[in-house]
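Structure first, then comments.
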Amino acid sequence: MNSEVIQSLRSDIDKLDRELLELVEKRAQLVLRLSEAKNKLGMDDYDPAREQAIIESLYQEFSPTFTQQEIGTIFKPIFKASLRVQQDKKKPA
């Protein structure tokens, strides 16, 4: 494999990294909308059972590639950041 192929693959990976972060940003916007709806119903933002259900569902779909623990390792920081975004939105300006 020559260096041009490696550079091309790295470029593709860089593009996907940007797309992943764009999707995480879109997810954060949806989380904020969900938070508003939940707050109107008097519900908490944090739902550990929902987080676990997401991890288990993704594991069912992507399991020979990733273990359930690896999926949790990927998604738990996203969940944590989403909760922080929700809390930040509620802080007085």
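With the requirement that a residue be surrounded by 10 or more Cβ atoms within 10 Å (Cβ to Cβ), part of a helix (DSSP H, G or I) and not small (Gly, Ala, Ser), what does region 34-49 give you?
Of everything in region 34-49, those that are surrounded by 10 or more Cβ atoms within 10 Å (Cβ to Cβ), part of a helix (DSSP H, G or I) and not small (Gly, Ala, Ser) turn out to be Leu34, Glu36, Lys38, Asn39.
Take the residues in region 34-93 that are of a type in the set (Val, Ile, Thr) and within 23 Å of Leu21 (Cβ to Cβ), then tell me which one is nearest to the chain's Cα centre (by Cα).
Only one residue tops the list, namely Ile78.
Is one or more of the residues making up region 4-25 in a helix (DSSP H, G or I) and touching a helix residue (DSSP H, G or I) at 6+ places or on another chain (Cβ under 8 Å)?
yes
Scan Ser82, Ser63 and give me the residue that is at pLDDT 95 or above and either in contact with a helix residue (DSSP H, G or I) (Cβ under 8 Å, 6 or more places away or on another chain) or surrounded by 10 or more Cβ atoms within 10 Å (Cβ to Cβ) (or both).
Ser82
The values are calculated or read from the model by the stated rules, or taken from the named source; none is laboratory data. Predicted, not measured: the structure shown is a model, and the values here were computed from it. Ideal geometry is used to build each Cβ from the backbone, glycine not excepted, and the neighbour counts take in all protein chains shown.
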